[in-house]
Amino acid sequence: MPDGPCFRYPIVLNYRMVRAMRLIAVFCRKDVRMVMLSETDFDLMIIGHFAKDYIVVDGKGEHASGGGVYFGAMAAARLGLRVAAVTRLHPDDFPRLDEMRQAGITVFAVAAPETSGIENRYNSADMERRVCIPMGFAGPFTTGDIPTATARIYVIASIIAGEVDLPLLRILAQRGPVAMDIQGFVRVRENGHLVFKPWPEMEEGLRHVTYLKVDRSEAEMLTGVSDLSAAAYRLAAFGPQEIILTESAGVTVLAGGRIYKAPFTPRSLDGRTGRGDTCFATYLGRRLTAPPEDATRLAAAVTSLKQERPGPWRGTVEDAERLIRTWALS
């Protein structure tokens with residue numbers, strides 16, 4: 001079975017062999033940077049349901065892979081990071097994960113009764129608004145679903161409330177810094193739809209979070225204010241050290257008591273789905289080696305480019321840096 005020894009151990013041995021090769025290279029080359037990287041197995045471990053989505057624009061629909069674990073991991077891999085994706089889905093859909101493995105992502109998949117999925121309905125006249133209808137739910141993660149591998153940041157990229165509970169959040173926070181997208185705690189299944197509701201355990205939960213991502217509608221619901229900078233400060237008061245807020249115009253970040261902003265400048269919104277996931281993962285990936293201002297700019301540039309094409313971001317850092325240079329000239 002996929003969640004038994006024949007499924008998991010080959011994957012575990014694979015990344016351990018790669019790690020051993022890195023260590024050998026360290027001793028042979030005396031490369032200090034490689035020694036530092038080998039202290040953990042991964043840069044980012046992204047946890048969340050892979051989604052089998054149905055995207056409808058003006059009544060025309062198509063099936064597509066989705067979920068924060070998918071869009072986020074694919075973007076982080078393009079940055080050259082060591083990425084692990086931990087997910088749950090029905091065994092029949094395991095082949096859908098091959099795309100992630102081919103991108104260099106180490107995938108830990110757990111068999112579930114069904115695969116999560118969301119029908120996202122858009123009107124091309126206003127791609128900022130969508131109707132979300134749940135089509136499946138792969139069930140909650142358990143502590144046994146999380147591999148023992150280590151990461152520099154543990155990213156909770158859940159898409160529907162119920163994937164990750166407070167006890168599991170506490171355990172992850174004991175292992176290292178936690179990054180969380182709030183949507184997986186406030187987007188609730190109700191009467192055949194996904195609706196936003198306050199997270200009852202937010203006050204305690206956010207104490208365990210280092211990096212918090214919210215969008216404009218979530219920030220307004222949770223704080224009662226429409227000004228994003230003010231909302232960021234209110235959310236930070238619960239405990240997170242850095243707040244990443246997205247909206248159609250761009251990204252706003254609160255870090256170290258300062259506000260940073262960068263615009264989204266896509267030429268189209270054909271790839272609107274996955275915008276926040278891409279922005280968050282890119283910010284976290286760059287933040288490992290750069291200050292908040294640089295991470296904010298790169299996240300905005302990558303997200304701008306991602307929105308122009310359906311699917312995950314498949315560009316290069318150089319593409320994003322060229323876009324950033326055009327902003328400096330405008």
query: Is there a residue in region 133-145 that is more than 22 Å from F50 (Cβ to Cβ) and in contact (Cβ under 8 Å) with a residue 24 or more places away in the chain?
result: no
- prompt: Taking the stated definitions as given, is D98 more than 20 Å from the chain's Cα centre (by Cα), modelled with pLDDT of 95 or more, farther than 26 Å from R207 by Cβ and not hydrophobic (A, V, I, L, M, F, W, C)?
  reply: no
- line: If we ask which residues in region 57-82 are more than 16 Å from A320 (Cβ to Cβ), at pLDDT 95 or above and out of contact with any strand residue (DSSP E or B) (no Cβ under 8 Å at 6 or more places or on another chain), their number turns out to be 0
- request: Look at region 260-292 and say how many of its residues are closer than 18 Å to A77 by Cβ and acidic (D, E).
  value: 1
- prompt: Does at least one position in region 268-281 carry a residue that is surrounded by 18 or more Cβ atoms within 10 Å (Cβ to Cβ), assigned to a strand (DSSP E or B) and in contact with a helix residue (DSSP H, G or I) (Cβ under 6 Å, 6 or more places away or on another chain)?
  reply: no
- prompt: Restricting to region 274-294, what's the tally of residues that are in contact (Cβ under 8 Å) with a residue 40 or more places away in the chain and among the acidic types (D, E)?
  reply: 1
- request: From the list G256, G276, pick out the single residue that is within 20 Å of the chain's Cα centre (by Cα) and at pLDDT 95 or above.
  value: G276
- prompt: What residue, of E204, E220, is assigned by TED's automatic domain parsing to the domain that holds R322, part of a helix (DSSP H, G or I) and out of contact with any Leu (no Cβ under 8 Å at 6 or more places or on another chain)?
  reply: E220
task: Give the number of residues within region 295-311 that are touching a residue at least 60 places away in the same chain (Cβ under 8 Å), in contact with a Gly (Cβ under 6 Å, 6 or more places away or on another chain) and either surrounded by 24 or more Cβ atoms within 10 Å (Cβ to Cβ) or under 13 Å from E321 (Cβ atoms) (or both).
output: 1
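The values are calculated or read from the model by the stated rules, or taken from the named source; none is laboratory data. Just so it is clear, the structure is predicted and the values come from calculations on it, not from any experiment. Reconstructed Cβ throughout: ideal geometry from the backbone, glycine too, with neighbour counts over all protein chains shown.
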